[in-house]
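Beneath this line is the structure, given in structure tokens, with notes to follow.
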Amino acid sequence: MTLLRVEGLTRRFGGVVAVDDVSFTVGAGEIVGLIGPNGAGKTTVINLLTGLLRPSSGQIEFNGARLDSLTPHRIARAGVARTYQNIRLFRGLSALDNVIVGTHLRTRASFAARLAFAPAVRREEAEARETARALLARVNLGQREAARATSLPYGEQRRLEIARALAAQPELLLLDEPAAGMNPAEMDVLIALIRSLRDEGQTILLIEHNMQVVMGVCDRIVVLNFGRKIAEGTPAEISRDKDVITAYLGEEE
Amino acid sequence: MFGESVRQLMAINALLALSIYLTLACGQLSLANAAFMGIGAYLGAVLTLNAGWPFWAVIVAAVIVPMLVAVLVGLPSLRLRGVFLAIATLGLGEVLRVVIVNLRATGGAEGISSIPVKTHDWHLALALAVALYLTWRLRGSRMGYAFEAIREDETVARTMGINTTRYKLIAFVLSAALAGLAGVLKAHLFRAITPGDYGFVQAVDILTFAVVGGSASFLGPALGAVLLTALPELLRSNVLRDVVNFEAGWQTLFLNGVILLLVILFLPNGLVSLFTRQWRRPTPLASEPATVEAT
């Protein structure tokens with residue numbers, strides 16, 4: 001079953017075409033890699049998918065409904081969550097509170113009910129807290145609950161961002177270069193985490209530079225270069241693809 | 001230790017400080033509080049003097065009308081961020097002043113005097129209790145978390161499904177309600193109001209309460225308001241006059257400035273940060289390989 005269908009997606013910035021007629025699909029339960037050299041338009045695609053940018057043309061279909069004219073919070077409500085290439089945690093909040101914010105879409109309690117000390121509100125808050133605790137444990141941050149988010153080491157901040165995104169229980173998780181800047185040990189933890197998410201049936205679109213991560217976890221890979229899709233296939237096919245090798249390593253003299 | 005009017009002014013300023021806390025908690029630097037206070041004060045005075053409404057109905061109107069104005073003003077202006085919102089909301093105060101000066105019902109530049117005293121201490125106590133309860137219950141609520149997310153990073157908040165426009169507007173409207181309440185109570189306490197009471201100086205005074213007290217917790221602005229209201233009285237009191245030989249007047253303003261400067265320099269999170277717990281740096285987890293910290 002196709003969860004996400006991107007059709008002819010194009011985004012221009014003045015005269016620059018950052019994303020040029022890109023089409024691909026992501027099936028439910030799949031992990032699809034979106035790779036390409038620097039400036040290939042990968043993050044622009046993610047920003048288009050999450051509504052932070054509007055497409056110049058093309059369509060984005062999610063669960064059969066159009067996403068391309070919705071505001072970011074409606075897209076999130078439709079079931080899309082993301083992380084950021086440059087980590088964007090809530091700096092002043094604890095690790096646990098960061099994840100609790102992520103449960104916003106899964107909670108309903110009104111402020112008026114809270115003013116009245118309604119028991120349902122207390123129950124829901126306790127549940128959100130438990131969910132957040134479980135997610136922190138899930139990404140190996142169980143002992144970091146009270147730590148200020150930005151005091152955590154780099155790799156842990158990356159995993160905290162993933163936990164925050166998972167708190168919304170998204171149907172589609174967009175990871176924007178989760179391994180960027182990680183050391184090999186941190187990367188192993190990350191790969192194990194992504195694999196365990198896949199085993200639970202989480203659909204993921206993974207933007208990544210690091211080939212070890214991409215080849216290790218992706219079912220399918222889409223390759224962008226200068227905003228255009230130049231290849232698509234399994235990791236094995238991609239690693240043999242002539243255009244891809246040229247894009248990454250340059251032309252042979 | 002303080003006279004009655006000082007205690008009453010403390011309560012009113014604390015209300016105003018909680019009013020600006022609501023928008024600051026949501027990351028919005030709005031300086032419209034003085035204007036909403038003015039709307040509450042003038043509307044209340046006119047309804048009492050000209051329409052003869054009972055005081056409870058005057059209070060309700062002086063709370064609801066600023067909220068309605070906040071919706072109208074907030075929808076377009078809350079798109080602005082940071083200092084641009086501050087300037088736009090200061091502009092609201094200026095517009096209000098010009099309107100008040102030119103309306104017959106509001107007494108022009110001379111304002112309205114001889115408003116009957118209708119505010120009693122229990123009004124103030126009740127109003128302050130309600131405002132403190134509201135702001136206390138905000139922390140840890142779903143809406144409170146949404147406010148914090150918006151304050152920290154509005155774009156990220158949006159991609160997490162938080163309707164930022166809605167929450168910013170709620171913060172702005174609740175803030176207007178408290179300011180209007182403070183305005184009507186003050187007008188029926190000190191009996192005279194003029195258009196100049198609700199301009200730039202008042203707007204900055206309210207912001208100063210929050211900056212000196214600290215806006216990380218609702219207690220901060222309230223504390224700042226109480227202290228800065230008490231300060232001139234302390235300096236005027238006999239005990240201190242013998243020690244520092246201060247008189248009210250420019251010395252008070254000067255000392256306010258010095259305190260503000262010291263707080264910004266040495267306690268950027270306000271006086272309340274003296275009492276809140278400090279963040280601990282996490283100790284490395286034993287179960288994991290050592291990680292390199294990068295930025």
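The values are calculated or read from the model by the stated rules, or taken from the named source; none is laboratory data. As the structure is a prediction and not an experimental result, all values here were calculated from the model. When we count neighbours, we look across all protein chains shown, and the Cβ atoms used for this are built from the backbone with ideal geometry, even at glycine. We work out accessible area using only protein heavy atoms, side chains counted, and drop any ligands, DNA or RNA first. Shrake-Rupley method; radii C 1.70, N 1.55, O 1.52, S 1.80 Å.
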* Asked: Within the stretch A:106-130, can you find the residues that are under 18 Å from A:A95 (Cβ atoms) and open to solvent by less than 50 Å² (accessible area, probe 1.4 Å)?
  -> A:A128
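Can you pull out the residues in the stretch B:115-150 that are among the charged types (D, E, K, R) and within 8 Å of chain A (Cβ to nearest Cβ)?
We begin by selecting, within the stretch B:115-150, every residue among the charged types (D, E, K, R); these are B:118, B:121, B:137, B:139, B:142, B:148.
B:R137, B:R142, B:E148 - these are the residues of the stretch B:115-150 that are among the charged types (D, E, K, R) and within 8 Å of chain A (Cβ to nearest Cβ).
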* Asked: Which members of the stretch A:171-192 meet the condition of being more than 11 Å from A:T83 (Cβ to Cβ) and open to solvent by 10 Å² or more (accessible area, probe 1.4 Å)?
  -> A:E171, A:G181, A:M182, A:N183, A:P184, A:A185, A:M187, A:D188, A:V189, A:I191, A:A192
* To do: Can you work out which of the residues in the stretch B:181-195 that are not β-branched (V, I, T) and not in a helix (DSSP H, G or I) is most open to solvent (accessible area, probe 1.4 Å)?
  => B:R191
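Criterion first (surrounded by 23 or more Cβ atoms within 10 Å (Cβ to Cβ), of a type in the set (G, A, S) and more than 11 Å from chain A (Cβ to nearest Cβ)) does B:A157 satisfy it? Walk me through how you get there before you give the answer.
Numbers: surrounded by 23 or more Cβ atoms within 10 Å (Cβ to Cβ): yes; of a type in the set (G, A, S): yes; more than 11 Å from chain A (Cβ to nearest Cβ): no.
In short, no.
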* Output for the stretch A:67-79, where each listed residue is more than 8 Å from chain B (Cβ to nearest Cβ) and either buried (at least 23 other Cβ atoms within 10 Å of the Cβ) or part of a loop (DSSP other than H, G, I, E, B) (or both) -> A:L67, A:D68, A:S69, A:L70, A:G79
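Regarding A:I60, is this residue in contact (Cβ under 8 Å) with a residue 24 or more places away in the chain, within 14 Å of chain B (Cβ to nearest Cβ), closer than 18 Å to A:E171 by Cα and buried (at least 22 other Cβ atoms within 10 Å of the Cβ)? Spell out the reasoning first.
Details: in contact (Cβ under 8 Å) with a residue 24 or more places away in the chain: yes; within 14 Å of chain B (Cβ to nearest Cβ): no; closer than 18 Å to A:E171 by Cα: yes; buried (at least 22 other Cβ atoms within 10 Å of the Cβ): yes.
Spelling it out, it is not the case that A:I60 is in contact (Cβ under 8 Å) with a residue 24 or more places away in the chain, within 14 Å of chain B (Cβ to nearest Cβ), closer than 18 Å to A:E171 by Cα and buried (at least 22 other Cβ atoms within 10 Å of the Cβ).
Specify the residue that is nearest to A:R5 (Cα to Cα); the eligible residues are those in the stretch A:145-170 that are of a type in the set (D, E) and surrounded by 21 or more Cβ atoms within 10 Å (Cβ to Cβ). Steps first, answer last, please.
Keep residues of the stretch A:145-170 that are of a type in the set (D, E), which gives A:145, A:156, A:161.
From what's left, surrounded by 21 or more Cβ atoms within 10 Å (Cβ to Cβ): A:156, A:161.
On the way: A:E156: 32, A:E161: 25 Å.
Here the answer is A:E161.
Yes/no matrix, rows are residues, columns are (1) outside any loop (DSSP other than H, G, I, E, B); (2) more than 20 Å from A:L193 (Cβ to Cβ); (3) at the interface with another protein chain (Cβ under 8 Å from one of its Cβ atoms); (4) touching a Lys or Arg at 6+ places or on another chain (Cβ under 7 Å):
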site	(1), (2), (3), (4)
A:R91	no, yes, yes, no
A:V99	yes, no, no, yes
A:L105	yes, yes, yes, yes
A:A113	yes, yes, no, no
A:R122	yes, yes, no, no
A:A126	yes, yes, no, no
A:T131	yes, no, no, no
A:A134	yes, no, no, no
A:A137	yes, no, no, no
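Just to be sure, is B:R139 closer than 30 Å to B:L267 by Cα, modelled with pLDDT under 95, touching a Ser or Thr at 6+ places or on another chain (Cβ under 9 Å) and of a type outside the set (A, V, I, L, M, F, W, C)? Spell out how you get there, then give the answer.
Numbers: closer than 30 Å to B:L267 by Cα: yes; modelled with pLDDT under 95: yes; touching a Ser or Thr at 6+ places or on another chain (Cβ under 9 Å): yes; of a type outside the set (A, V, I, L, M, F, W, C): yes.
Yes: the conditions hold for B:R139.
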* To do: Could you please give the count of residues in the stretch B:25-79 that are buried (at least 22 other Cβ atoms within 10 Å of the Cβ), in a loop (DSSP other than H, G, I, E, B) and aliphatic (A, V, I, L, M)?
  => 3
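If we scan the stretch B:224-238, do we find a residue that is at pLDDT 85 or above and either within 14 Å of chain A (Cβ to nearest Cβ) or touching a Ser or Thr at 6+ places or on another chain (Cβ under 8 Å) (or both)? Break it down into steps so the answer makes sense when it comes.
Residues of the stretch B:224-238 at pLDDT 85 or above: B:224-230.
From the residues that got through so far, the ones that are either within 14 Å of chain A (Cβ to nearest Cβ) or touching a Ser or Thr at 6+ places or on another chain (Cβ under 8 Å) (or both) too are B:224, B:228.
Yes, the stretch B:224-238 contains at least one residue that is at pLDDT 85 or above and either within 14 Å of chain A (Cβ to nearest Cβ) or touching a Ser or Thr at 6+ places or on another chain (Cβ under 8 Å) (or both).
Taking the condition in contact with a helix residue (DSSP H, G or I) (Cβ under 7 Å, 6 or more places away or on another chain), of a type in the set (V, I, T), under 26 Å from A:R133 (Cβ atoms) and touching a residue at least 60 places away in the same chain (Cβ under 8 Å), does A:V80 pass? Outline the logic, then answer.
Values: in contact with a helix residue (DSSP H, G or I) (Cβ under 7 Å, 6 or more places away or on another chain): yes; of a type in the set (V, I, T): yes; under 26 Å from A:R133 (Cβ atoms): yes; touching a residue at least 60 places away in the same chain (Cβ under 8 Å): yes.
Yes; evaluated as a whole, the condition is true for this residue.
On the given criteria, is B:A171 more than 7 Å from chain A (Cβ to nearest Cβ) and farther than 24 Å from B:V73 by Cβ?
Considered against the rule, which asks whether it is more than 7 Å from chain A (Cβ to nearest Cβ) and farther than 24 Å from B:V73 by Cβ, B:A171 comes out as no.
Could you tell me how many of the residues in the stretch A:176-187 are assigned to a helix (DSSP H, G or I) and either under 18 Å from A:L152 (Cβ atoms) or of a type in the set (F, W, Y) (or both)? Step through it out loud before you land on a result.
Just the residues of the stretch A:176-187 that are assigned to a helix (DSSP H, G or I), to begin with: A:184-187.
Within this subset, residues satisfying the condition of being either under 18 Å from A:L152 (Cβ atoms) or of a type in the set (F, W, Y) (or both) are A:185-187.
Qualifying residue count for the region: 3.
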